[in-house]
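Input: one structure, supplied below.
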Amino acid sequence: MDAPGDLEGPRAPGGDHELRGREPGSCMLSQSQGFCDIVLASRSEQNVTSYICYFVLPCRGKAEKKGTSNMIIGMIFGCFALFELLACLVFGNYLVHIGAKFMFVAGMFVSGGVTILFGVLDRVPDGPVFIAMCFLVRVMDAVSFAAAVTASSSILAKAFPNNVATVLGSLETFSGLGLILGPPVGGFLYQSFGYEVPFIVLGCIVLLMVPLNMYILPNYESDPGEHSFWKLIALPKVGLIAFVINSLSSCFGFLDPTLSLFVLEKFNLPAGYVGLVFLGLALSYAISSPLFGLLSDKMPPLRKWLLVFGNLITAGCYILLGPVPVLHIKSQLWLLVLILVVNGISAGMSIIPTFPEILSFIWLDVCLSIAFLGPTLGGFLYEKIGFEWAAAIQGLWALISGLAMGLFYLLEYSRRRRSKSQNILSTEEERTTLLPNET
């Protein structure tokens with residue numbers, strides 16, 4: 001079928017394991033076990049993503065008070081994605097030896113502890129010591145997050161091999177729920193109780209999930225995959241889709257160190273209300289993700305068009321986010337929220353169809369390969385040229401990836417038509433008799 005989902009290639013690296021339950025010889029989890037895993041993995045992603053969002057307001061304010069520049073703040077945000085990529089590659093290769101359950105539970109445990117540690121960074125002396133501790137905690141955070149996501153993604157992909165987009169699209173709803181609750185709740189807790197409370201509360205919630213997962217999740221055995229991550233990513237279609245995922249992840253990462261600062265400076269909103277601005281993006285993404293996942297599974301030929309047009313719409317959103325000064329459009333709060341809503345829908349349109357395209361357990365790896373450039377470059381550009389131009393430049397990533405993907409599909413369609421025409425001609429020639437009938 002002429003659709004992105006019809007990807008055939010080598011199996012995934014290390015993370016592509018044949019997961020088996022407690023009964024020997026069983027190759028797939030039961031539906032009830034899979035459902036249980038979805039609930040727990042969703043809660044885990046909700047919690048972890050939520051505390052990432054909590055960083056957006058209190059952490060930046062505290063860092064600025066301690067003399068940290070916007071560029072360094074962007075690098076602190078960006079190092080998370082870089083080390084998460086490296087950790088995912090390692091954990092994917094050793095999942096068969098470590099075990100999915102242990103990796104999942106251990107990742108959550110470390111994540112909860114590191115979240116609490118982030119809440120006490122305000123007690124660290126100003127200057128290089130504070131910056132170094134921020135980097136150290138973020139790196140530990142990235143490694144623990146990578147462990148939890150690598151294990152849960154591998155379990156879910158094997159439990160529901162024919163409905164990857166639907167299942168992981170539903171999982172993105174919980175990530176969106178974390179995005180929804182994170183900024184406003186974090187802003188409220190920060191205003192009411194200070195810097196430390198949001199991190200301590202959320203860290204304790206994550207830690208409470210650890211014994212629940214230890215009790216409910218069964219033990220899984222896994223067999224190693226046959227091919228490496230690099231062989232898979234070298235396939236032209238996979239490489240292009242990896243670039244698409246990278247561009248979208250970079251666009252999301254760009255907003256981490258920049259959007260709240262822009263809203264604070266432009267509209268003079270208090271911290272709690274700044275968190276509400278993020279609801280436009282998070283809520284629309286949370287609602288649209290499962291819908292696009294279901295659509296991708298039910299109508300595979302639509303995947304490529306969702307992917308292409310989603311990227312083009314995302315590019316337009318970032319151009320209008322400021323908006324870019326050449327358009328001479330006055331920046332208004334209602335327009336910013338509207339653009340964020342459209343951006344959330346276009347992100348779901350672009351990201352969800354890639355789940356069945358690049359096997360879900362390496363999705364995180366490819367989306368993190370250069371995603372760290374989003375917050376790092378975003379913080380730098382924000383300082384140098386302002387939010388409006390920085391957002392427009394960031395939108396070029398999505399524009400280039402959308403056009404490249406569309407061109408690839410057009411060339412692929414053209415090749416298939418030529419191949420089909422040649423096959424028809426060959427068939428007609430085979431039917432023609434070699435010698436004429438003698439009369």
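The values are calculated or read from the model by the stated rules, or taken from the named source; none is laboratory data. Worth saying up front: this structure is predicted, and the values here are computed from it rather than measured. Here the Cβ positions follow ideal geometry from the backbone for every residue, glycine too, while neighbour counts run over all protein chains shown.
Report, by residue number, each residue of region 314-327 that is under 16 Å from residue 404 (Cβ atoms) and not polar (S, T, N, Q).
315
Residue 90 passes all but one of (1) surrounded by fewer than 17 Cβ atoms within 10 Å (Cβ to Cβ); (2) over 28 Å from residue 264 (Cα atoms); (3) at pLDDT below 80; which number fails?
(3)
When you go through 126, 122 one by one, which is the residue that is in contact (Cβ under 8 Å) with a residue 24 or more places away in the chain, of a type outside the set (A, V, I, L, M) and in a loop (DSSP other than H, G, I, E, B)? Give the steps one after another, and end with the answer.
Numbers: 122 fails: in a loop (DSSP other than H, G, I, E, B).
Within the list 126, 122, the selection yields 126.
Looking only at region 252-268, which residues are crowded, with 23+ Cβ neighbours inside 10 Å and among the hydroxyl-bearing types (Ser, Thr, Tyr)?
258
Of the residues 378, 374, 406, 348, which single one is surrounded by 15 or more Cβ atoms within 10 Å (Cβ to Cβ) and at pLDDT 85 or above? Give the steps one after another, and end with the answer.
Working: 378 fails: at pLDDT 85 or above; 374 fails: at pLDDT 85 or above; 348 fails: at pLDDT 85 or above.
Exactly one residue qualifies, and that residue is 406.
The rows are residues; the columns are (1) hydroxyl-bearing (Ser, Thr, Tyr); (2) at pLDDT below 85.
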residue: 271; (1), (2): no, yes
residue: 289; (1), (2): yes, yes
residue: 308; (1), (2): no, no
residue: 314; (1), (2): yes, no
